[in-house]
Amino acid sequence: MKGQLLNDPVFGMAAGQFDRVADFLNLDQSVRERCKWPKRILTFSLPVHMDDGRTEVFFGYRVQHHLSRGPVKGGLRFHPKVNVGEVAALAMWMNWKCSLMGLPYGGGKGGITCDPNKLSMTEQERLTRRFAQEITPFIGPEIDVMAPDVGTNAQHMAWILDTYSTHTGRFVPEIVTGKPIELQGSEGRIQATGHGVSFLATRALNKLGLPVQGATVIVQGYGNVGSYAVETMSAYGMKVQGISDITGAIWNENGLDAEKLRAHVAQTGGVAGFESAESIDPDEMLLRECDVLVPAALERVITESNAPNLRCKILAEAANGPTTQPADAIIEERGDIFLIPDILCNAGGVTVSYFEWVQNLQRFHWTKTEVLTKLETKLEKAFENLLGFCDRHKCGTRLGALATGIKNVARVKKTRGLFP
Ligand code: GLU
């Protein structure tokens, strides 16, 4: 069976979404096939010296979905559940995201199956450098540019930059984005995804005629995206009442203190046990009444079992692929939830990555205000375009966003033609 290598529920979901949109757009057979399947699927075995003297072999993947509109762009994730099908799905979503935002990139994603919480920093460094070394022949600033994702951060990007630069014999900051500022990372990149989620949430509140001040929020996930979304929304005057992560879920009816929570998590490793908050059930938290519900963790958490019982007005998908297709159908049928689809909602990250890459290529350094203003302009435009599209075609925002992204890629494929 074609694509058997990618036999995985997350890939099935991304492919299912694609098929639905390809039917909607009436894509011709040739373009449809070329848009759907990834160009390159790379698998690496990564032997690493562990601190206790053993050698452990990890598996790492990089999927470069297509290079038709520019280099491949997307994150590298460290997580115990990473597999090639999931990575391929995430790469496909990166395509539509970059295309929707008008960024000159194809989509890519990488992952290493590991639990970063169980690896020391020196083990993580050896693993990251080994991966960077193995993948060096297949990447480059005009081929494939990685960035942080779940379980990785600026330090991992610094190690990739250093390994790649050492191999090529010159300093190549444009090989990764989301790197530390002192290595020519961009101002505003660290909070970019959370900032974009928060900005779009305020735009959705406006559309619904609801005030931003005092709007109630629930956030699932407190990694880079979730934590900066909490901080930015709190700064906007919104009230974040519930937050969960792998350690548990916390609730305060009057709003959780974003600054104190960051300090607590830095000290204890998770949100559990935070002062002046009650501990609640993380699954039940998703069903509580709120203005904005923000899934900011992993895929497939809004399912057909909880979708009928959601009590949010806005679903802001900060994670990639948080809503399954059956849940999507339920939400569409209900018609009472404003969905900000993932490929728009979390596009702040890759958009500022693009700004970082452009600054690197030009050896420029923009201010944080410049970066965040440019980001908001791009998001605003994409948001308004999407609502216009949905209005004209009488469709939901999921279909509208994917259709816009896929349509641009299909047009490029068609115009370039098929070689040989
Ligand atoms: N990992 C992020 C995402 O899923 C950012 C990718 C990037 O900046 O290239 O969109």
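Only the coordinates and a few stated rules stand behind these numbers; no lab work does. All of these numbers come straight from a predicted model, not from anything done at the bench. Cβ: placed from backbone, ideal geometry, glycine included. Neighbour counts: every protein chain shown.
Taking each residue as 0.36 nm, the span from Gln267 to Thr415 lengthens on full extension beyond its C-alpha to C-alpha distance by 47.9 nm.
Counting only DSSP beta bridges with both residues in segment 225-366, tell me the antiparallel percent, nearest 5.
50
Couplings for segment 200-207, taken from phi via the Karplus curve 6.51 cos²θ - 1.76 cosθ + 1.60 with θ = phi - 60°, read 5, 4, 5, 5, 5, 4, 4, 4 Hz in order; Gly and Pro are left as x.
Sequentially through segment 371-380, phi angles give Karplus couplings (6.51, -1.76, 1.60; θ = phi - 60°) of 4, 6, 5, 4, 4, 4, 4, 5, 5, 4 Hz, Gly and Pro residues having no value and appearing as x. Across segment 385-391, rounded Karplus estimates of 3J(HN,Hα) from the backbone phi angles (6.51 cos²θ - 1.76 cosθ + 1.60, θ = phi - 60°) give 4, 5, 5, x, 4, 5, 5 Hz, Gly and Pro being marked x.
Near Ala154: Cβ cut-off under 15 Å, other residues only, Lys/Arg at +1 and Asp/Glu at -1. The net charge is -3. Qualifying chymotrypsin sites (Phe, Trp or Tyr not before Pro) in segment 344-396, where qualification requires a DSSP coil assignment and no more than 15 other C-beta atoms within 10 Å, comprise Phe364.
Sort Val176, Val412 so the one with the fewest other Cβ atoms within 10 Å of its own Cβ comes first.
Working: Val176 30, Val412 17.
Taking fewest neighbouring Cβ atoms as first place, the list is Val412, Val176.
Under a 5 Å amide H cut-off, with hydrogens placed 1.01 Å from N, Leu76 pairs with Gly110, Ala147, Asp149 among residues at least 5 apart or on other chains.
How much mean residue ellipticity at 222 nm does the chain get from its helices, if each DSSP H run of length 4 or more adds -39500 (n - 2.57) and you divide by all residues, to the nearest 500 deg cm²/dmol?
Details: 14 runs with 195 residues, N = 420.
Calculated mean residue ellipticity at 222 nm is -15000 deg cm²/dmol.
Counted by Cβ distance under 9 Å from Leu76, the other residues give a net charge of +2, where Lys and Arg count +1 and Asp and Glu count -1. Taking the Cβ of Phe138 as the centre, find all other residues whose Cβ is under 9 Å away and add up their charges (Lys, Arg: +1; Asp, Glu: -1). Surrounding charge for Phe138 is 0.
Inter-label distance, Gln133 to Glu56: 1.8 nm, where each label sits 7 Å from its Cα along the C-beta direction.
Beyond 28 Å in Cα-Cα separation lie the following of the pairs Lys239/Lys378; Lys381/Lys413; Lys36/Lys374: Lys36/Lys374.
Each peptide in 186-196, 398-408 gets a packing score, the mean of other Cβ atoms within 10 Å over its residues, and the list from highest to lowest is 186-196, 398-408.
How much of the DSSP beta bridge set in the chain is antiparallel, as a percent to the nearest 5? The antiparallel proportion sits near 45 percent.
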